[in-house]
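Written out below as structure tokens is the structure these notes cover.
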Amino acid sequence: MAGERVPEKITSSTIFIETTATLCLEVTNYLQLTGMGVSKFVSSPALRVGGYDWRIDFFPDGENEDCAGNASAFLTYLSQDVDVSTKFRMRMLEKKGRLPPVASFDVSKRVFSSGPYKDDSWGHYKFVDKAKLESLSQLGDGCFTVLCDVTVIHDSLPVELPFHLERVLGDGRGTDVTFHVCRQKFHAHSPLLAARSPVFEAQLYGPMADKDMGRVKIVGVKPFIFETMLHYIYTDSLPPCPDEGGYSAAAMQHLLVAADRYGLDRLKLICEEDLCKRIDTETIATMLALADQHHCKRLKDACQELFPAAARGRTRGKRVNSAPTPIVTTKLRRGLRSDAKLRRVLRSDKEGYVEMALP
């Protein structure tokens, strides 16, 4: 309907912060504890993890009558009136440190609560067979250690800043620099670029920067790659790929080169991790060349692990694959070097552009 305002779609992501610590309960002489009675327990000292108090409760004769000859162990939540998400691992070791553990169990996710409908204790009713503990005690000194690795998971507030910055990039308000990439134009905010990229900082604000850098010509980078890199600079994430199959290997290769060129180390690592999953007989030569050219240790190690013969052949100066590769070209080697000493503004041409290229 004309004049009707379409609701704005707002998306956000949530960051999960984890805090981990280990609780410890020393059982100095198990044989003296047997016969305490069902539901009787010994406890570890309370420990604060993630802002909440916890302890281990160990029942030598079991938590209830159904434990049938087994000792029980529980993690107990001591704080009040606040639900908290956790994951934890409980294990019992012989005091002398012999491995493997006498008993252990893992809980991948558990919400503890305290209040009218509290659920403040979680563990294993049949944690370990009492006969096993008695046998080990007779062979050793009867001393055991119960350990519990507790991870408290905090949900932070939704992160909306990337969404707002993406909108600022899209609507073009307040931009002060225009990049000309081939025949396309991209508007951006120079302070944000300088804050995110040391190369942009040097080019836009360094001693060799022009006073009037309203128009900047970028050479050696495809428009799609530059646009993707800009999106990352503003939002710290890659934009959704228009193709159903996701970003191609070639696109990720070129994006890695651009990330290296502009000092975007995290973006470079993202590309590197993605390319490690795409190594095969068709791409091994390209991947090795890329890894050597741009100092990608993770990618190079992956190539050597998957195709050791090919990697050895390259180090000996042999050609692994005679097929031409789009990323490894003389122009690329000359035009996209990542040496920080070579990052500089080449020239200002008569059109008023500053051409940004690396020798």
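The values are calculated or read from the model by the stated rules, or taken from the named source; none is laboratory data. Keep in mind that what you see is a predicted model, and the values were worked out from it rather than measured. Please note: Cβ atoms are built from the backbone with ideal geometry, for glycine as well, and neighbour counts cover all protein chains shown. Ligands, DNA and RNA are excluded from the accessible area calculation, which covers all protein heavy atoms including side chains. Shrake-Rupley method; radii C 1.70, N 1.55, O 1.52, S 1.80 Å.
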Fill in the blank from the handout: Each label sits 7 Å from Cα toward the beta-carbon; between Tyr205 and Met36 the label points are separated, in nm, by 6.2
Practice task
Sorted from largest down, give the three principal axis spans of the alpha carbons of segment 34-113, whole angstrom values.
Solution key: 35, 30, 22
Exercise for the section: In nm, give the distance between the simple-model label positions of Cys143 and His187, each being 7 Å from the Cα along the Cα-to-Cβ direction. Expected result: 7.4
Exercise for the section: Inverting the mean 1/r over all pairs of different Cα atoms, compute the Kirkwood radius of segment 127-243 and quote it in Å. Expected result: 18.8
Exercise for the section: Could you order Val150, Val42 so the one with the most accessible surface comes first? Probe is 1.4 Å. Expected result: Val42, Val150
Exercise for the section: Determine the alpha carbon to alpha carbon distance for each of Lys268/Lys297; Lys109/Lys130; Lys87/Lys268; Lys222/Lys277 and list only those over 21 Å. Expected result: Lys109/Lys130; Lys87/Lys268; Lys222/Lys277
Handout entry: Virtual spin-label span in nm between Lys95 and Arg110, 7 Å along Cα→Cβ
Key = 2.6
Handout entry: Heavy-atom accessible area ranking, 1.4 Å probe, most first, across Thr175, Thr286, Thr281
Key = Thr281, Thr175, Thr286
Exercise for the section: Treating the Cα atoms of segment 189-268 as identical point scatterers in vacuum, please give the log10 of the normalised Debye intensity I(q)/I(0) at q = 0.13, 0.15, 0.17, 0.26 Å⁻¹, two decimals. Expected result: -0.42, -0.55, -0.69, -1.40
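Tell me, what is the FRET efficiency for Asn29 and Asp301 to the nearest 0.05, using R0 = 41 angstrom and their Cβ-Cβ distance as r? Don't skip to the end; give the middle numbers.
Working: r = 50 Å, r/R0 = 1.23.
Approximately 0.25, to the nearest 0.05.
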Handout entry: Proximal charge balance of Lys40 [Cβ under 11 Å; K/R count +1, D/E count -1]
Key = -3
